[in-house]
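Bear in mind that the values in this text are calculations on the coordinates, not laboratory data. Fair warning: this is a prediction, and the values are worked out from it, not measured in the lab. FYI the Cβ positions are ideal-geometry reconstructions off the backbone, even for glycines, and counts take in every protein chain you see.
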Amino acid sequence: MGFGNVMMAGSIVNSSTKIGNYCIVNTGASVDHDCTIEDYVHISPRVAVAGNVKVMEGAHLGIGACVKQNITIGKWSIVGAGAVVVDDVPDYTVVVGNPAKPIKTVTVV
Ligand SMILES: CC(C)(COP(=O)(O)OP(=O)(O)OC[C@H]1O[C@@H](n2cnc3c(N)ncnc32)[C@H](O)[C@@H]1OP(=O)(O)O)[C@@H](O)C(=O)NCCC(=O)NCCS
């Protein structure tokens, strides 16, 4: 665990997971074992992240999303509310739905 992180009520981070800096693990979210959460990531309420997932810098997982094990969420990408992520998400990409599919790219200014 780095610095400047906020772990909200009911959030769970499991064994051997590493969290960078300035992240939010929001209310009731769970991040399972052996994950890597890079800087500036926001994991919204009730998100479930399975084991060995990598969430790259600045990514946002929307409320209630699920991420299957061994997935990489690219930097500054957005996973829509309620999405079920079963494939890697490229950098700067918005995905929604079950299974989650890309709908647009993210412009970072
Ligand atoms: C995915 C998201 C970022 C897209 O926002 P946006 O860029 O403003 O996109 P739009 O609202 O214009 O939606 C674009 C299309 O995707 C659909 N869509 C948007 N969010 C969706 C979602 N979560 N699941 C399924 N479809 C979704 C819209 O219905 C729309 O479809 P259409 O083109 O057929 O009408 C946003 O809807 C979202 O889910 N944000 C997460 C917010 C959140 O979890 N906040 C919690 C903070 S604690």
Applied in sequence order to segment 41-46, the curve 6.51 cos²θ - 1.76 cosθ + 1.60 (Karplus, θ = phi - 60°) yields integer Hz couplings, x standing for Gly and Pro, of 7, 10, 10, 6, x, 6
Taking placed amide H atoms and a strict 5 Å upper bound, the residues 5 or more places from Ile12 or on another chain that come that close are Ala29, Ser30, Val31
With +1 on the Cβ of every Lys and Arg and -1 on the Cβ of every Asp and Glu, the dipole magnitude of the chain about its Cα centre, in debye rounded to the nearest 20, is 220 debye
Most fluctuating of Val86, Val31, Val47 in the GNM of the chain (C-alpha, under 10 Å) is Val86
Computed over the chain, the Cα gyration tensor eigenvalues, each multiplied by 5 and square-rooted, give semi-axes in Å (largest first) of 19, 15, 12
antiparallel share of DSSP beta bridges within segment 6-105, to nearest 5, in %, is 15 percent
Non-local residues with an amide H under 5 Å from the amide H of Thr72, with H modelled 1.01 Å from N and Pro and chain starts lacking one, are Lys54, Asp88, Val89
